[in-house]
Amino acid sequence: MKLQDTLELHVKAAVKELFQADLESVEFQATRKEFAGDITVVVFPMLRVVKGNPAVIGEQIGQYLQDNVTLVKGFNVVKGFLNIEIDDSYYIDFFNKIKDQKNYGFSELKDDKAVMVEYSSPNTNKPLHLGHVRNVLLGYSVSEILKASGKKVYKTQIINDRGIHICKSMLAWQRFGNGETPESSRLKGDKLVGNYYVKFEQVFQKEFTDWLDSETGVEKFEKYKEFESSAREELWEKIKNDTALIKEGKISTKEEYFSEERIKKTFKKEYKDRYFNEHSIIGNDVKSMLRKWEAGDAAVVALWEKMNGWVYDGFEETYKAIGVDFDKYYYESETYLLGKEFVAEGLKSGVFEKDPDGSVWCDLTDEGLDRKIVLRADGTAVYMTQDIGTAIQRIKDYPDVGGMVYTVGNEQDYHFKVLFLILKKLGFDWAKNLYHLSYGMVDLPSGKMKSREGTVVDADDLIQEMTDTAEEISKELGKLDDYSEEDKKALYKTIGLGALKYYILKVDPKKRILFDPKESIDFQGNTGPFIQYTYARIQSILRKSDIDTTKVNLSEVSLHDKERDLLKQLEQFPEVIQNAAEQHSPALVANYTYDLVKDFNSFYQNVSILGADKENEKIFRVQLSKTVGQTIKNAFSVLGIEVPERM
């Protein structure tokens, strides 16, 4: 039983005996560093059932605990806060129980129902980039944390291998590729295909720009300008004094707001999709290719299979480099058909309704949402159709799955609200256990990334940059002189990937990240390399200790304050794992590990380990160091981060 749980029973017993009152719960908090104590009972909430001065009530409860509870050796009261000092025997007993547990903090499998975690879920028209990296690291880490908390987990992804974006790469390669392959170009397949996605956009943008300058384009713009100027006059009166817009630079003077340049910029942005659908020659060609694919045209399907094969090979190489894996792959090209089947079923049961044009919708207005299309008028599927089919197929494949976690960026928050609600309306009981692990985007100091314009940070390039930066900094520190070149390369990658993963995972998933590679590889502060270095330091202590740690009488050990701080931190680890699993937040584990490492370094600097006066103290401190090292390793394992034995 945890210390807090044990104390809660005793505090309730004290209140019952002293005041003839029953407490529903007891509020605890960490004792502030300026006061003596290991854990604090907050007295104020008790005033609902115990009348009196909180400081006096605290004194009475504290005295009762000291007189009747062995593990309480002292107390003090500051206003309404009862600070309790715990006897060393409690911490020694706790340490004896965990010191030989290699999986300390992890729970045995305790749930018959499994959880399926979806992450990555890329499109097959481009390589994985920095945004995917956050997705992959979050999804993989949450999977490992859920496992550590005692759940069975299946790791999966849905590969978005169909649709207009995929056909854009295909058409561009067909037009401009001249038979280029990954082998002939010496490029990874996903990078090669991504280049043609960018190429399509370049050709389209040229066509769109030419059209804007054409007679038709100019005529469209003049009509738009006339309408826009009229509408802006009314809008200007509403926004001209909006300080937020002025501060952001979105408006300045009326002349600038009504300038032709500004209106043309708005026109280009608003008219681009319409041009693609109504006027674009290459847009018409790619839509024709998509229709042929959906009709099963042999040549188009063969090209699709070939180029997707290149991309899959490239993805696998990246996943291996990052250090993540999957138990099952799903493909949108397969699951969207099942989705269409259930749309038909939903039409019969009244979950969906058909509009006069033939499109099928789900009306969610009674739920505070909008109407959502699930099938276009021409019978083709939308993303929602595919997601419905994928969810149902997963339960068919894995009947023991009781819930799913979708790792997808926060721009899809509304989509998943709708998806989960539709699945509930379709009558699936497991739909109540669906969770959207929504996360913020990743920005770079240079700004936002755009795949179609080729301004993304490629995941492979990022991994290499992290490795190179780790090498550069390690050489400056000059601590690897006795390493072989092979060992150095392996260590550089371990440090570089550790820095990348930790920098991303230490941030609450919901927050946006500004990623700075140089800042992440710092051997000081809240970084992966700092924690890895501490682990390596502990391994060095263990190598130098050459003592038999099994022969020690811990009952003779008197704890130093720094040792007690470490033991208190260690005791929290199992609860941190459970909380991280419940909240789907690797950040809790990452920041716990940093706090543990800070406490260890304080212990290391203030307490002699190998130079202890007594043999028992020396053995205990080596054992304590070893246990801290194992806990760091366990914590980093669920973050997907390796720890080096030497550094």
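Bear in mind these aren't lab numbers, they're just calculated from the coordinates by the rules spelled out. What you see is a predicted model; the values in this text were computed from it and never measured. Quick reminder, even Gly has a Cβ in these numbers, built from the backbone with ideal geometry, and neighbours come from all protein chains shown.
List of remarks:
- Estimated FRET transfer efficiency (Lys264, Thr365; beta-carbon r; R0 35 Å; 0.05): 0.40
- Annotation for Asp22 and Ala299: the two label points, set 7 Å from Cα along the Cα-Cβ direction, are 8.2 nm apart.
- Alpha-carbon centroids, the stretch 328-373 and the stretch 140-174: separation in whole Å: 22 Å
- Counting only Cβ charges, +1 for Lys and Arg and -1 for Asp and Glu, the dipole size of the stretch 258-359 around its Cα centre is about 540 debye.
- Judged by the mean number of other Cβ atoms found within 10 Å, the most tightly packed of the peptides 171-182, 103-114, 415-426 leads the ranking 415-426, 171-182, 103-114.
- Cβ crowding within 10 Å ranks Arg371, Arg394, Arg291 as Arg371, Arg291, Arg394, fewest other Cβ atoms first.
- Approximating the spin labels as points 7 Å out from Cα along Cα→Cβ, the Asp327-to-Asp313 distance works out to 3.0 nm.
- Shape summary: the stretch 470-638 maps onto an equivalent ellipsoid whose semi-axes, from the alpha-carbon gyration tensor, are 29, 22, 12 Å in decreasing order.
- Measuring between alpha carbons in the structure, the pairs from Lys328/Lys396; Lys518/Lys598; Lys225/Lys272; Lys151/Lys506 lying more than 19 angstrom apart are Lys518/Lys598; Lys151/Lys506.
- Distance between the C-alpha centres of the stretch 491-538 and the stretch 628-647: 12 Å, rounded to the whole angstrom.
- Extension gain, Lys33 to Thr70: 0.36 nm times the residue separation minus the Cα-Cα distance gives 10.9 nm.
- Volume in Å³ per residue [convex hull over Cα atoms, computed for the chain]: 232 Å³
- At an R0 of 45 angstrom, the distance between the Cβ atoms of Val218 and Lys511 translates into a FRET efficiency of 0.50.
- Using the Cβ-Cβ distance between Glu59 and Lys598 with R0 set to 41 Å, the FRET efficiency from 1/(1 + (r/R0)^6) comes to roughly 0.75.
- Extension gain from Met1 to Val42, taking 0.36 nm per residue of separation minus the Cα-Cα distance: 12.7 nm
- Amide H contacts of His584 (H built 1.01 Å from N, under 5 Å, at least 5 apart or other chain): none
- Cβ-based net charge around Thr335, under 15 Å, with every Lys or Arg adding one and every Asp or Glu removing one: -3
- Whole-number percent relative contact order across the stretch 3-86, with pairs defined as alpha carbons under 8 Å at least 6 apart: 29 percent
- Sorted peptide list for 13-22, 631-640, criterion being average Cβ within 10 angstrom, highest first: 631-640, 13-22
- Report summary: the helix-based calculation at 222 nm, which adds -39500 (n - 2.57) for every DSSP H run with n ≥ 4 and divides by the residues of the chain, gives -19000 deg cm²/dmol.
- Annotation: amide H of Tyr331 within the under-5 Å range of Ile159, sequence separation 5 or more or interchain, hydrogens built in the peptide plane.
- Potential lengthening of the chain between Lys432 and Thr181 amounts to 85.8 nm, from the contour at 0.36 nm per residue minus the alpha-carbon distance.
- Farthest towards the positive end of the charge dipole of the chain, among the residues Phe620, Leu82, Leu559, is the Cα of Leu82, using unit charges on the Cβ of Lys, Arg, Asp and Glu.
- Cα centroid separation, the stretch 29-90 to the stretch 199-213 (Å): 73 Å
- Bridges between two residues of the chain, per DSSP, are antiparallel at a rate of about 50%.
- Between Ile541 and Val49, the modelled label-to-label distance comes to 4.3 nm, taking each label 7 Å out from Cα in the direction of the beta carbon.
- Note that the stretch 77-224 carries a Kirkwood radius of 21.5 Å, evaluated over its alpha carbons pair by pair.
- According to the Cα-based calculation, Rg over Rh for the stretch 3-86 is 0.91, with Rh computed by the Kirkwood formula.
- By the count of neighbouring beta-carbon atoms within 10 Å, fewest first, Arg134, Arg646 end up ordered Arg646, Arg134.
- Amide H contacts of Tyr439: Val408, Gly409, Asn410, each under 5 Å away and 5 or more positions distant or on a separate chain (H built 1.01 Å from N in the peptide plane; Pro and chain starts excluded).
- Local net charge near Val117, Cβ-Cβ under 13 Å (Lys/Arg +1, Asp/Glu -1): +2
- For the stretch 310-370, the equivalent ellipsoid derived from the alpha-carbon gyration tensor has semi-axes of 38, 15, 11 Å in decreasing order.
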